[in-house]
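Below is one structure; the comments refer to it alone.
The values are calculated or read from the model by the stated rules, or taken from the named source; none is laboratory data. This structure is a prediction, so every number in the text was calculated from the model and none was measured. Here the Cβ is made from the backbone with ideal geometry for all residues, glycine too, and neighbour counts use every protein chain on show.
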Amino acid sequence: MLTLTGPAGVGKTSLSIEAGNRVSSEVAQDVVFVDLSPVQDTSQVPPALARGVGLQDVEGPRLQERLLAYLRERSSLIILDNFEQVLPAAGWLSDLLATCPSITLLVTSREALRLRWEQIYQVPSLALPDLEHLPPLEELMQVPAVALFVERARALDPGFALGEEDARTVAELCVRLDGLPLAIELAAARTGVLSPQMILDRLGQRLSLLRWEAPDLPERQRTLRSAIDWSYELLDADEQALFRRLGVFAGGFTLEAAQAIASSNSADAGVQPAPEEVLDGVASLAGKSLVQVDGRGAGDLRYRLLESVQEYALEQLEVQEEVEATRRSHALYFLDLAERAEPELIGGEQRTWFLRLEAERGNLRAALWLLSRRGEDALALRLAAALGYFWWIHGHIAEGRRFLEHLLERVPEGVADPHTRASALRSLGIGLLLQGEVERARRALEEGLAVARSTGEARSIAFSLACLGRYETLVGKPEESISFSEEALARSREANDTWSTARALHELGIAALHAGDYGLAQQLLEEASAGYRRVGDERSMAEAFVWLSPAARERGDASRAAALVRQSLEVSQRLQDRRLLNMGTDTVLWLIREEADPEQVTRLIGVIEALHQITGLAHSTWEHTALAPTIGELGARLDEESLAAARREGHTLSLDQIAQMTLAALDEWSESIMHRSRPKEGAAPGILSGRESEVLGLVSEGLSNQEIAGRLFITERTVRFHLSSVFAKLGAHNRTQAAALARRRNLL
């Protein structure tokens, strides 16, 4: 027994019929197709099957006995279509299989039957194109979802042709329809009167739009609404209530979030169901193919509704007049989530929380708009302020700036609490600065500092001062940033705040780097990174490493410069941090600019331009002074056509590909500098960097690479890189020899 499961419109019936046709033609086995969609009474399943196999007098008293006796002697494939509405009859199928060992059952159902002998195959949606990296037209037409759309459109209109001008539209249409064959066929049926773009523009009303009055189609497959209706009507009242409330989520949800909106209507508000009840409800809806298990996010399994199913759920929410209550419960849950996340973004669990907020961006955006639309601007500003650090760290600068500007205008001073207002102004100021609007950035940061001072909160004041210090540095006035950062440092130390102290040292280090005092910059940034390590802020530590790298390079330690930026890039990949990746790639280009192959460097320029477009980051003073000469020199060394081609290639890469390409360029450069630094026979050994001494000291204590990585908050790959550099500098061939040489020469 094989059961095909899946949501409405995924093609279970079509697949079962095709399987039956192939069995009939290739194996010459008897195939029986039984449509159970008209059957409402479970007692009518045996008569329906009896009619299907050709028995007469199916209403007789001994029908089941006659049917089993008839099938016992036969070897047949029996297809039972649409079993979900007669699930209680599943037990009878067990008797059938036990009595008739030569019978094979192929069942289609939106829910598994849960029988002992049942094998389950969840029919997937059709494969979809990648909208970020669309293939050429010829390849695009081979993608199954697109191929189905084109095939059905041509069947209705032989003159239909997919051209370059419609390729992206049809690809997006297929993605928006979740690759559901029924939805794609119904959309294609509209091409006789609507262009693909017109269909795409009307997908907000897809349940009404997607219909096809073909007389040979079952009624449930003539519109998308009737296909989903079929599933909804089979739910009990509690399942229907949970299902329609899940429609408010944008981009998926966790069980915790489902719990928050499970009792959001006025009738049962305040009566929160037990977590296991919500779990059972979501599991039941997933089993009935109305909820999709969307994979593991930041520690939690995530779920979602297909877009078409979600539109239906929201319709039902409107019918029950539960929309406002459910949406407000949704918004308040995500306000609470953001405020819980904010302090965690600078601690040891930051990776989990950054990724969680990234996964919930659609829901957070929906919550902001809902609170703002309802006139609850003070609550909306609280949510935006809590998200400010996330927005500018993860490169969602334009989005954050839009919400913060809008809400700060609408919430007068004195309405929002000063802590919230200071945080919002600080985040807006940094966003404006990162986008190059320096005058507006300064005004926001200065107002934010004034509000922070009124609160008397040491961390808020110190952070605002540090942000003003960064402002002065990035607009080319590093000497003027020192007073802000020194006051931030004094306040942080007085409050015994390790993270704020590290942030102030960080800003002082950047100012020293811009001023050309590389020794001081290295000292301050190393102190800052040690502070970040103590509180578990891996992301800020990696940013400090980005700034440490050029300081190390300017002081002649190229291998350490490479190791530092490598660690930063590895952290950017773990945290999916676009801004950190942007900074790391900038630094790699600066490091390798003189020795690398010109075409490789030009590809990095293309990558940097792409990242600036993705994140909305303006070029900093450091980039203008350090990178502009590199770009200008490359322009002279390469012809314009090669330069343009390399840049175009950079724009086609995914973030992961960008990171891998940048690391490959860095590795190639690192290998070359290690080769040059390897001492010739009789030459004096090189001097170890601070981090190389740390690594070698732990090697001498007998720690493994994995243990060293854990101790120093770095990856094993970085440990291996440091050891390779150590071996080259000392002329050693293994760990034991390197440790012995270092002890002998007082290098530990």
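Of all the residues that make up segment 62-83, how many are in a helix (DSSP H, G or I) and under 20 Å from ALA19 (Cα atoms)?
1
List the helices (runs of 4 or more DSSP H) inside segment 260-361, counting only whole elements, that have at least 2 residues being at pLDDT 95 or above, within 22 Å of TRP391 (Cβ to Cβ) and acidic (Asp, Glu).
Where helices (runs of 4 or more DSSP H) fall fully within segment 260-361 and carry at least 2 residues being at pLDDT 95 or above, within 22 Å of TRP391 (Cβ to Cβ) and acidic (Asp, Glu), they are 323-344.
Could you go through segment 113-124 and let me know if any residue there is under 29 Å from VAL282 (Cα atoms), within 38 Å of the chain's Cα centre (by Cα) and of a type in the set (S, T, N, Q).
yes
Quick test of your reading of the structure: GLY431 fulfils all but one of (1) outside any helix (DSSP H, G or I); (2) surrounded by 17 or more Cβ atoms within 10 Å (Cβ to Cβ). Name the failing condition by number.
(1)
Any chance segment 396-406 includes a residue that's of a type outside the set (Ser, Thr, Tyr), part of a helix (DSSP H, G or I) and in contact with a Lys or Arg (Cβ under 7 Å, 6 or more places away or on another chain)?
No; the residues of segment 396-406 include none that is of a type outside the set (Ser, Thr, Tyr), part of a helix (DSSP H, G or I) and in contact with a Lys or Arg (Cβ under 7 Å, 6 or more places away or on another chain).
Looking at this structure, is ALA450 closer than 26 Å to LEU404 by Cβ and assigned by TED's automatic domain parsing to the domain that holds TRP391?
So ALA450 fits the description; yes.
Would you pick out the residues in segment 713-748 that are without any contact (Cβ under 8 Å) to a residue 24 or more places away in the chain, assigned to a helix (DSSP H, G or I) and of a type in the set (A, V, I, L, M)?
Passing the criteria: only ALA740.
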